[in-house]
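Since the structure comes first, as structure tokens, the remarks are kept for the end.
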Amino acid sequence: MVAQLLLVQQLINLSLFLFGIIELALYYGKEKSLVLLGFFLPLLNIIMEYKLYTLVDITHTKQPRTNEERWREQNFNTVLQTLGIRANVVYTTSPVTLETQGRLVGFDTDEILNLWRFDFSTDRDALYESGSDPIGLLKQDFHLVPYIGGLGENMEQKYAVFNTANPGKNISFYQK
């Protein structure tokens, strides 16, 4: 309900903003109003932030020197390309490794897991929403996407594919 109210508020703000640009276009001319639009559009702040946790090694090696580094980079590229199916993805930091209890981040285990966290944002609001699930389309997009296994993972997977459902879930998503 809160997300819907925020969306309505953003749409109203956008409508008022665009109405103001139309008025400027009529008063100053099309070229100057487009310059103003480009200046003020980032102020609308229609950005959604997400995070994902995975048991798969998605280390961003930047300049791979060995085959293992190259394979890790390929896994990171697979994540970016899958996210990019629906959106222009922006990230400021590479995936980080951490150790935490699996159940705290969406996995069906109480064990302490070695996993990767990746924070990213998109330029569109409610982009991955499916029904009442704000990340439903992310789950659909990633389910059964292949990756290169046997790198820095500490849990054996029967198949080297991202699994977004239990049992065997190896990637989980959250909207910030």
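No lab work stands behind these numbers, since they all come straight from the coordinates. Because the structure is predicted, anything quoted here is derived from the model rather than measured. Quick reminder, even Gly has a Cβ in these numbers, built from the backbone with ideal geometry, and neighbours come from all protein chains shown.
Taking other Cβ atoms within 10 Å as a rough exposure proxy, T66, T54, T100 sort from fewest to most as T66, T100, T54.
Applying both filters, DSSP loop and at most 13 other Cβ atoms within 10 Å, to the chymotrypsin sites (Phe, Trp or Tyr not before Pro) of region 92-161 gives Y159. Within region 91-147, the GluC sites (Glu not before Pro) that combine a DSSP coil assignment with at most 14 other C-beta atoms in a 10 angstrom radius are E111. Let me know the shape class of region 48-175, please: from the alpha-carbon gyration tensor, a ≥ b ≥ c as square roots of the eigenvalues, rounded when a/c is under 1.5, otherwise prolate if a/b is greater than b/c, or oblate. Oblate is the answer for region 48-175, as a/c is 1.5 or above yet b/c matches or exceeds a/b. Listed from fewest to most Cβ neighbours within 10 Å, the set M48, M155 follows the order M155, M48.
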